[in-house]
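Peer 1: My questions will all concern the structure given below.
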């Protein structure tokens with residue numbers, strides 16, 4: 001699913017997520033802490049970044065010694081990553097509709113697949129996670145962040161927590177209202193999409209805002225510290 005947040009407003013989005021509340025002070029710190037606990041040394045590892053956006057995780061992975069292949073549906077995001085890392089031969093980035101799989105990627109070649117705040121744009125996550133399993137080595141890791149099913153239950157148009165539903169909202173991430181559509185689903189569906197495809201969940205977290213956020217935006221800190229917002233899952237390929 002294409003949203004104009006990542007096409008028309010790609011440059012504004014790239015600038016915003018460098019240092020905003022939700023990405024820079026909540027989602028990325030939680031994701032990176034989980035990564036560093038599970039895989040403290042990425043030197044020489046091959047990592048696949050699915051839904052790479054403007055490349056914030058590409059930079060973090062490179063800094064940890066990984067070789068990175070980065071994919072995104074939005075061509076403007078791919079262009080930004082290619083420009084940003086043009087002089088680094090440890091990065092390969094290209095455009096791919098992740099709802100259509102990973103046709104350019106061979107079996108069993110990656111040590112880690114990372115997908116940050118992307119899978120809620122997929123209507124059916126099962127084929128996506130099947131492809132993640134296919135390209136991972138046995139024992140390889142998958143690290144995903146997404147919307148919290150608990151948080152999204154409150155905006156269900158049907159009132160049926162167990163229904164998978166498209167949600168359309170106005171977000172102000174880039175400083176102007178932008179219409180964004182994503183899918184909400186139950187926790188059992190979210191977890192099942194992983195376990196049905198050969199993954200064992202090794203860590204599940206709901207995020208911890210930083211002390212820097214507490215200082216600069218107390219209201220946002222209080223909301224993120226006391227109410228569900230995102231879901232973070234670390235899993236291992238076992239078959």
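Peer 1: Between residue 208 and residue 239, with labels modelled 7 Å along Cα→Cβ, what's the label distance in nm to one decimal, could you check?
Peer 2: Here the modelled spin labels are 3.4 nm apart.
Peer 1: Where the Cα atoms of the range 30-95 are projected onto their three principal axes, how long is each span, largest first, in whole Å?
Peer 2: Cα extents, longest axis first: 33, 24, 14 Å.
Peer 1: To the nearest 0.05, what FRET efficiency results for residue 172 and residue 195 with a Förster distance of 41 Å applied to their C-beta separation?
Peer 2: The pair residue 172/residue 195 has a calculated efficiency of 0.70.
Peer 1: In 5 Å bins starting at 0, how do the alpha-carbon pair distances of the range 78-150 split up by percent?
Peer 2: 3, 13, 21, 24, 21, 12, 4, 1, 0
Peer 1: Scaled to the compact-protein estimate 2.2 N^0.38 Å, what is the alpha-carbon radius of gyration of the range 123-186, rounded to two decimal places?
Peer 2: 1.41
Peer 1: So what's the range 13-144 giving for Cα Rg divided by 2.2 N^0.38 Å, two decimals?
Peer 2: The value comes to 0.98.
Peer 1: Sorted by mean Cβ packing within 10 Å, highest first, what order do the peptides 124-133, 193-202, 50-59, 34-43 take?
Peer 2: Most protected by this proxy first, the peptides run 50-59, 124-133, 193-202, 34-43.
Peer 1: For the chain, compute Rg over Rh where Rg is the Cα radius of gyration and Rh is the Kirkwood radius from the inverse mean 1/r over Cα pairs. Walk me through the numbers on the way to the answer.
Peer 2: Working: Rg = 16.9 Å, Rh = 18.1 Å.
When Rh is taken as the Kirkwood radius, the ratio is 0.93.
Peer 1: How big is the Rg/Rh ratio for the range 60-110, C-alpha atoms only, Rh by Kirkwood, two decimals?
Peer 2: Dividing the radius of gyration by the Kirkwood radius yields 0.97.
All of the numbers you see were taken from the coordinates with simple rules; none came from a lab. For clarity, every value in this text was computed on a predicted model and none was experimentally measured. Note that each Cβ is placed from the backbone with ideal geometry, even for glycine, and that neighbours are counted across all protein chains shown.
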